[in-house]
Amino acid sequence: MYRYDEFDHKLVQERIQQFRHQVKRRLSGELTEDQFKPLRLMNGLYLQLHAYMLRVNVPYGAITSRQMRKFAHVARAYDRGFGHFTTRQNIQYNWVKLEETPDLLAELAEVEVTGIQSSGNCVRNITSDHYAGRIKDELADPRIYCELLRQYTVLHPEFSFLPRKFKIAVTGSPKDRAAVALHDIGLRMHLNDTGKLGFEVLVGGGQGRTPIIAKTIREWLPPEHLMAYVEAILRVYNLSGRRDNIHKARIKIIVNQMGIDQYRELVDQEFDRIKGDAKGIPEAEIQRIKAYFAPPEYEELPDFTDKLNTLRLTDKTFDLWMSSNVAEHKIGGYAIVNLTLKAPDRVPGDITATAMDAVADLADEYSLGEMRVNHRQNLVFVDVKQVDLHSLWKKLGPLELATPNLGQLTDMITCPGLDYCNLANARSIPVAQDINKHFVDVDRLIAIGDFTVNISGCMNACGHHHVGNVGILGVDKHGTEFFQLTLGGSSDEGASLGDRLGRALPQEEVPAAIEAIVDTYIDTREDDERFLDTYRRIGMVPFKEAVYGSVDTKVVA
Amino acid sequence: MMSQMIIANRLIDGLVIYMGPKGEWVDSIDKGAVFEDKQDAQRWLIMAQQAVEDSVVVDPYLIDIDTGGGENLPVGARETIRAFGPSVRTDLLEDAEGNGG
């Protein structure tokens, strides 16, 4: 894990001090809300439906047990005893007090996390693969480059007031677990023809009211030029992005209107201009950062698979959990364990202070003190000995953190929706809970297989509905909440946007509609075909008929 | 019967508050002033703006209230949620130390 150096500490402390003064001036009336709002947002502080909400960055989703304990403490001391993990690998607190926020931020700084740039028109938390550094198919650890970019973009004076927010994601694996094609910049490591490691650079992806899959702006970029190239993209965007219309201000709109070829030409011109300067990342600096992410000293452990198989035979629930929640580690004798925050009746992504403390203790005991949060709002223990899996599983169960539904229909991404969010048109969480109640048969969920359901309470798409295999978008129709379904979305290496199914449904009809979609899929799929592949093969019509019936199909076509 | 109330966030902690009968700010919708006359409501809203100037509240505005059942019930999901809190896991809100994740 990266540790702050003296410069990081100084920068964060100065920022907290500055914010403390700003809060004081706001409370005394010296600053108006209009003046104060951009200042608080730059520190991650929103004013939501019920109270102030603080968004805290978790860089590339990596959390130490010490940080998790601090998250628990903050939830207890400054909030109402729980927090919410988001799709940007952040944690949010829902009821913080303005007057206490500087103290809260000072406490978080003790464990090297901040709210800086978790909001505002700047480069947001840089996200990554939650299996980074631990998965076999990885070419290099993406966290190294996330950290380099984080240091480069935090409080960068030129990029602190961009036309709009800016999101970057990095993956080191061909298997994309970081949704890079849905980012303003997506970086995908691969080898060029000579076998040298570099990045495919994607630009102009995003969700929101105008969802767009990112386009490749450069097939292969050497790592030492990463900063210069990202700077060129940001500079062209900063100069050409629209500031007159918030809905047209994201880079995706500019790239789309200008065309990727013209945008590339402008970026290349700028890149050529600056890459000769001192913008190349010195190899020593890459190595310095890399050292922070050096693998822990693993023990030489025997493969425990046979003994685990025996345990699995004796306990179906353990077997289910092993099948769905445990992934292969690159080191023999170890495993990656996903802790789903998706138990029935739970709020997806929410976690109590008590559970946070318990998770921190378990991470110390079973995962070398380190864990991750992923963009699907689950936690991950990255270094678990296979021999410990059964014991860990038994301890996760009572915490409701062993629900064996990873990647299944009930492992839903769900934004806070109208229960918390000022922007929402409809509630998301009750819809997720309705679906959870409807799909209780574990065997059926396994039979359905890989199936993502993503729910957003408004078109801003924090719940990633555009890229859910089934996407659910909450809309307001004359004061009543309705839900618009989309099919065929995906955020992986074959990313696609969902297609609209038909007219929006009232909340109570959503689970049955999903049931009809699932039934159609099961009846139509070939061999081990995933839902996504069946949809791509047979198209929308059979699903539309299943949900609306043949008469409605004509109406909504 | 359709009436109106004035809602805002309290500056210091952001919590939802309503204007009371004497122009004071109260933390429960039950204690808030109900305006049956629209012009009256507008006049009180101007007074609420003074509380913004005085750095007491943020973003005051009028909401529609149904008082037909003898209670002050906001019209629509958004204001109902603002008045009574999130509609999910209300146990967590009261018992911060509940079990589980």
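Taken over the stretch A:363-377, residues that are out of contact with any helix residue (DSSP H, G or I) (no Cβ under 6 Å at 6 or more places or on another chain), crowded, with 24+ Cβ neighbours inside 10 Å and assigned to a helix (DSSP H, G or I) amount to 0.
For beta carbons closer than 9 Å, sequence separation of 6+ or different chains, a first residue in the stretch B:65-84 that is on the phi < 0 side of the Ramachandran plot and a second that is of a type in the set (D, E, K, R) and assigned to a loop (DSSP other than H, G, I, E, B), the qualifying pairs are B:Thr67/B:Glu36; B:Ala77/A:Arg427; B:Ile81/A:Arg427. Can you say whether A:Leu11 is farther than 26 Å from A:Arg427 by Cβ, in contact (Cβ under 8 Å) with a residue 24 or more places away in the chain and facing chain B (nearest Cβ under 10 Å), as far as the supplied structure shows? It is false that A:Leu11 is farther than 26 Å from A:Arg427 by Cβ, in contact (Cβ under 8 Å) with a residue 24 or more places away in the chain and facing chain B (nearest Cβ under 10 Å). Taking the criterion of being within 14 Å of chain B (Cβ to nearest Cβ) and touching a residue at least 40 places away in the same chain (Cβ under 8 Å), the residues of the stretch A:19-39 that qualify are A:Val23, A:Arg26, A:Leu27. Can you name every residue in the stretch A:182-203 that is buried (at least 24 other Cβ atoms within 10 Å of the Cβ), in a strand (DSSP E or B) and out of contact with any Lys or Arg (no Cβ under 7 Å at 6 or more places or on another chain)? Result: A:Ile185, A:Gly186, A:Leu187, A:Arg188. Of all the listed residues (A:Ala343, A:Ala360), the sole one being within 14 Å of another protein chain (Cβ to nearest Cβ) and farther than 29 Å from A:Ser491 by Cα is A:Ala360. Considering each residue of the stretch A:80-94 in turn, none proves to be closer than 25 Å to A:Leu379 by Cβ, free of Cβ contacts under 8 Å to residues at least 60 places away in the same chain and among the aliphatic types (A, V, I, L, M).
Could you figure out which of (1) basic (Lys, Arg); (2) facing chain A (nearest Cβ under 9 Å); (3) within 30 Å of A:Arg25 (Cα to Cα) isn't true of B:Arg89? Result: B:Arg89 passes all but (3). Selection of the stretch B:3-28 for residues being within 13 Å of another protein chain (Cβ to nearest Cβ) and either closer than 19 Å to B:Glu71 by Cα or modelled with pLDDT under 95 (or both) yields B:Ile7, B:Val16, B:Ile17, B:Asp27. B:Ala51 meets the conditions (1) at pLDDT 95 or above; (2) under 22 Å from A:Arg427 (Cα atoms); (3) more than 7 Å from chain A (Cβ to nearest Cβ) in every case but one. The failed one is (2). For A:Lys394, the criteria (1) within 14 Å of chain B (Cβ to nearest Cβ); (2) more than 23 Å from the chain's Cα centre (by Cα) hold in every case but one, which is (1). Across the stretch A:297-330, the qualifying residues are those that are free of Cβ contacts under 8 Å to residues at least 60 places away in the same chain and not charged (D, E, K, R), and the one among them that is farthest from A:Trp393 (Cα to Cα) is A:Pro302. Tell me, please, whether a residue that is within 13 Å of another protein chain (Cβ to nearest Cβ) and farther than 29 Å from A:Ala169 by Cα can be found in the stretch A:374-391. There is no residue in the stretch A:374-391 that is within 13 Å of another protein chain (Cβ to nearest Cβ) and farther than 29 Å from A:Ala169 by Cα. Considered as a group, the residues in the stretch A:51-78 that are at the interface with chain B (Cβ under 9 Å from one of its Cβ atoms) and either surrounded by fewer than 21 Cβ atoms within 10 Å (Cβ to Cβ) or under 20 Å from the mean Cα position of the chain (by Cα) (or both) include one that is farthest from A:Asn422 (Cα to Cα), and that residue is A:Arg76.
Annotation: of all residues in the stretch B:54-71 being part of a loop (DSSP other than H, G, I, E, B) and modelled with pLDDT of 95 or more, the one that is nearest to the other protein chains (Cβ to nearest Cβ) is B:Ser55. A count restricted to the stretch A:79-99 and to residues that are surrounded by fewer than 19 Cβ atoms within 10 Å (Cβ to Cβ) and more than 12 Å from A:Met53 (Cα to Cα) stands at 1.
Looking across the stretch A:241-271, the residues that are loosely packed, with under 15 Cβ neighbours inside 10 Å and either at pLDDT below 95 or not charged (D, E, K, R) (or both) come down to A:Arg243, A:Asp244, A:Asn245, A:Ile246, A:His247, A:Gln257, A:Gly259, A:Gln262, A:Gln269.
In the stretch A:91-119, which residues are away from every other protein chain (no Cβ under 14 Å), part of a loop (DSSP other than H, G, I, E, B) and not aliphatic (A, V, I, L, M)? Residues satisfying the conditions are A:Glu112, A:Thr114, A:Gly115, A:Gln117, A:Ser118, A:Ser119. Filtered by the rule that a residue be touching a Ser or Thr at 6+ places or on another chain (Cβ under 9 Å) and under 26 Å from A:Gly474 (Cβ atoms), the stretch A:203-238 gives A:Gln207, A:Ile213.
Looking only at the stretch A:288-306, residues that are of a type in the set (S, T, N, Q) and within 27 Å of the chain's Cα centre (by Cα) come to 0 in all. Here A:Val380 passes the criteria (1) buried (at least 24 other Cβ atoms within 10 Å of the Cβ); (2) more than 21 Å from A:Ser324 (Cα to Cα); (3) not hydroxyl-bearing (Ser, Thr, Tyr) except the one numbered (2). Could you give me the residue pairs with C-beta distances under 9 Å whose first residue belongs to the stretch B:19-38 and is under 19 Å from B:Val58 (Cα atoms), whose second residue is in a loop (DSSP other than H, G, I, E, B) and among the charged types (D, E, K, R) wherever it lies, and which are 6+ apart or on separate chains? Close Cβ pairs (under 9 Å, with a partner that is in a loop (DSSP other than H, G, I, E, B) and among the charged types (D, E, K, R)) amount to B:Ile29/B:Glu71; B:Ala33/B:Lys22.
The values are calculated or read from the model by the stated rules, or taken from the named source; none is laboratory data. Model, not experiment: these values are computed from the prediction. Cβ coordinates were reconstructed from backbone atoms using ideal geometry, including for glycine residues, and neighbour counts include every protein chain displayed.
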